[in-house]
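Before any comments, here is the structure.
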Amino acid sequence: MKLLDSIATEAASIIAVRRDIHAHPELCFQEQRTSDVVAGKLTEWGIEVHRGMGTTGVVGIIKNGNSPRAIGLRADMDALPVNEANTFAHASKHPGKMHACGHDGHTAILLAAAQHLAKHKNFDGTVVLIFQPAEEGGGGAREMIKDGLFKQFPVDAVFGLHNWPGMPVGSLAVSAGPVMASSNEFKITIRGKGCHAALPHNGIDPVPIACEMVQAFQTIVSRNLKPIDAGVISVTMIHAGEATNVVPNACELQGTVRTFTVEMLDLIERRMRSIAEHVSAAHEATCEFEFVRNYPPTINHPKEAEFTRSVLADIVGADNVLPQEPTMGAEDFSYMLLEKPGAYFFIANGEGQHREMGHGGGPCTLHNPSYDFNDDLIPLGGTVWVRMVEQFLAPA
């Protein structure tokens, strides 16, 4: 593994920043303290700083030479509404808030790279350091773009990374094409006719209608999608009734849909709506169908994915650059990849053995109250960002 000495030397100070951020988690669009920490470090290193884009976003600009080319590097900053189970020294000081997805680590990795790039500037062009708020459901990437991110700071390509538990430390993964799914929500309200539960013939029971609907939704994936296509329809909430002897007036279904293409999403939404309306009508009930499209699928561009793979292989060896297995999780970096070519890759976080005394009893998986970011990734991730900059913005 070829780590940059300067980043390894400064790793302890960056780890301290990471742990400070972990101890003071902030939810989406509330990352004021985190933004202050990031902006303070960038300013300390002589980096041009722009604040307020996407509410609490921070953009750092490092220029060198005369080339008009530019590269964007993105890190997310927000935490999750989770009660942390860990009790080690840097555990969350704010109940109900936790860095359970490693965004504190992503921020630290980009800060490590920024410190090196500001000092050494072994490139020709512009580096745009994007510290983004509100990845966890707030669409911070979309909001930064709306505020003019790529108009004010144009880039030729943009790249992002995410730590990935379960992969052995020292390995990374990248592939072209879809790597994370679209994220979408639905809410269906079935309206029947309430009555006494002992006299069901006097009403229209929305509960069996909802059950029939849930079962029918499963046939969309098994019978309407091509067998080689991937899609998920999960009904995760069913709400109805207040008493055991009363047939309720209404029943509400909610859940999520995940796909890797917009075409599949269109098909699923159309079929879900048709099933909901016709099953309701068949039982003389009515329904209200709401479908909200959140994050689009994250689709890596082939050229930029291959560039990333090449850089990673130079650092850790080709055998440690794995194919990136697509996941049905979602990521708002997808909005950036709709605007600019780029790639999103994984850096292995290990199995959890890195966690210090006092960690929770659960596994070290994302969105788990016992999770903690592996600080050993900071020198590797920082080196990756620097080498990507140096090769992408190599002097002509």
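We did not get these values from a lab; they are worked out from the coordinates using the rules stated. Small disclaimer: the values here were computed from a predicted structure and weren't measured. No Cβ is skipped: glycine too gets one built from the backbone with ideal geometry, and neighbour counts run over all protein chains shown.
Summing +1 for each Lys or Arg and -1 for each Asp or Glu, what net charge is found among the other residues whose Cβ lies under 10 Å from the Cβ of Asn224?
Around Asn224, the surrounding residues sum to +3.
Which loop trypsin sites (Lys or Arg not before Pro) in the range 77-143, with loop taken from DSSP, have no more than 11 other Cβ atoms within 10 angstrom of their Cβ?
Sites meeting the loop and neighbour criteria: Lys93.
Between Leu338 and Ala313, what is the label-to-label distance in nm when each label sits 7 Å out along the Cα-to-Cβ direction?
Here the answer is 3.3 nm between the modelled labels.
Dimensions of the range 222-372 along principal axes (Cα, Å, largest first)?
65, 44, 28
By its C-alpha gyration tensor, with a ≥ b ≥ c as the square roots of the eigenvalues, how is the range 1-100 shaped: rounded for a/c under 1.5, else prolate for a/b larger than b/c, else oblate?
oblate
Before rounding to the nearest 500, sum -39500 (n - 2.57) across all DSSP H runs of length at least 4 in the chain and divide by the residue total; then give [θ] at 222 nm in deg cm²/dmol.
Computed mean residue ellipticity for the chain: -10500 deg cm²/dmol.
Along the principal axes of its C-alpha atoms, what lengths does the range 94-230 span, in descending order and rounded to whole Å?
80, 40, 35
For a quick check: sort His283, His196 by the number of other beta carbons within 10 angstrom, fewest at the front.
The order, fewest Cβ neighbours first, is His196, His283.
In what order do Met167, Met144, Met264 fall by count of nearby beta-carbon atoms within 10 Å, going from fewest to most?
With the sparsest Cβ surroundings first, the list reads Met167, Met264, Met144.
Quick one: if the Förster radius is 51 Å, what FRET efficiency do Asp5 and Met237 give, using the C-beta to C-beta distance and rounding to 0.05?
That pair, Asp5 with Met237, gives E of 0.45.
What FRET efficiency, computed as 1/(1 + (r/R0)^6) with R0 = 22 Å and r the Cβ-Cβ distance, is obtained for Cys211 and Val262, rounded to the nearest 0.05?
After rounding to 0.05, the efficiency reads 0.15.
How many percent of the alpha carbon pairs in the range 184-293 exceed a separation of 25 Å?
24 percent
How large is ³J(HN,Hα) for each residue in the range 67-83, as worked out from phi by the Karplus curve 6.51 cos²θ - 1.76 cosθ + 1.60 (θ = phi - 60°), to whole Hz, x for Gly and Pro?
My calculation for the range 67-83 gives 5, x, 5, 8, 10, x, 10, 10, 10, 8, 10, 7, 9, 10, x, 10, 7 Hz in order.
Based on C-alpha coordinates, I'd like the Rg and Dmax of the range 236-325, in Å.
22.3, 68
Just to be sure I understand: if I project the alpha-carbon convex hull of the chain onto a plane and average over all orientations, what area do I get in nm²?
One quarter of the hull surface, i.e. the mean projection, equals 21.3 nm².
How long is the gain from Ala230 to Thr286 if the chain were fully straight, where each residue apart is worth 0.36 nm and the alpha carbon distance is subtracted?
17.1 nm
Would you mind classifying the range 333-396 by shape? Square roots of the alpha carbon gyration tensor eigenvalues, ordered a ≥ b ≥ c; an a/c under 1.5 is rounded, otherwise it is prolate if a/b is larger than b/c and oblate if not.
It is oblate, given that a/c is not under 1.5 and a/b is not larger than b/c.
From the phi angles alone, apply the Karplus equation (6.51, -1.76, 1.60; θ = phi - 60°) to the range 280-285 and give each ³J(HN,Hα) in whole Hz, x where the residue is Gly or Pro.
4, 4, 4, 10, 6, 10
If you average 1/r over every pair of different alpha-carbon atoms in the range 204-255 and take one over that average, what Kirkwood value in Å do you get?
Computed over the range 204-255, the radius equals 12.5 Å.
Going 7 Å from the Cα of Arg51 toward and past its Cβ, which residues in the range 73-98 have a backbone nitrogen under 19 Å from where you end up?
75-79
How long is the gain from Glu44 to Glu277 if the chain were fully straight, where each residue apart is worth 0.36 nm and the alpha carbon distance is subtracted?
Numbers: separation 233, 0.36 × 233 = 83.88 nm, distance 5.97 nm.
Stretched out fully, the Glu44 to Glu277 stretch lengthens by 77.9 nm.
What residue among Arg223, Arg271, Arg74 shows peak mean-square fluctuation when the chain is described by a Gaussian network model with Cα springs under 10 Å?
It is Arg223.
Starting from the Cα-Cα distance between Ser67 and His120, subtract it from 0.36 nm times their residue separation and give me the gain in nm to one decimal.
17.4 nm
Would you order Asp104, Asp20, Asp375 from fewest to most other beta-carbon atoms within 10 Å of each residue's own beta-carbon?
Neighbour counts put them in this order, fewest first: Asp20, Asp375, Asp104.
Which percent, to the nearest 5, of DSSP beta bridges fully inside the chain are antiparallel? Could you put the intermediate results ahead of the total?
Details: 46 of 68 bridges.
Restricted to the chain, the bridges split so that about 70 percent are antiparallel.
What Kirkwood radius, in Å to one decimal, follows from the Cα pairs of the range 140-182?
13.4 Å
Measure off 7 Å from each Cα along the Cα-to-Cβ vector at His354 and Asn294, then give the distance between these two points in nanometres to one decimal.
Taking the two extended label points, one gets 2.6 nm.
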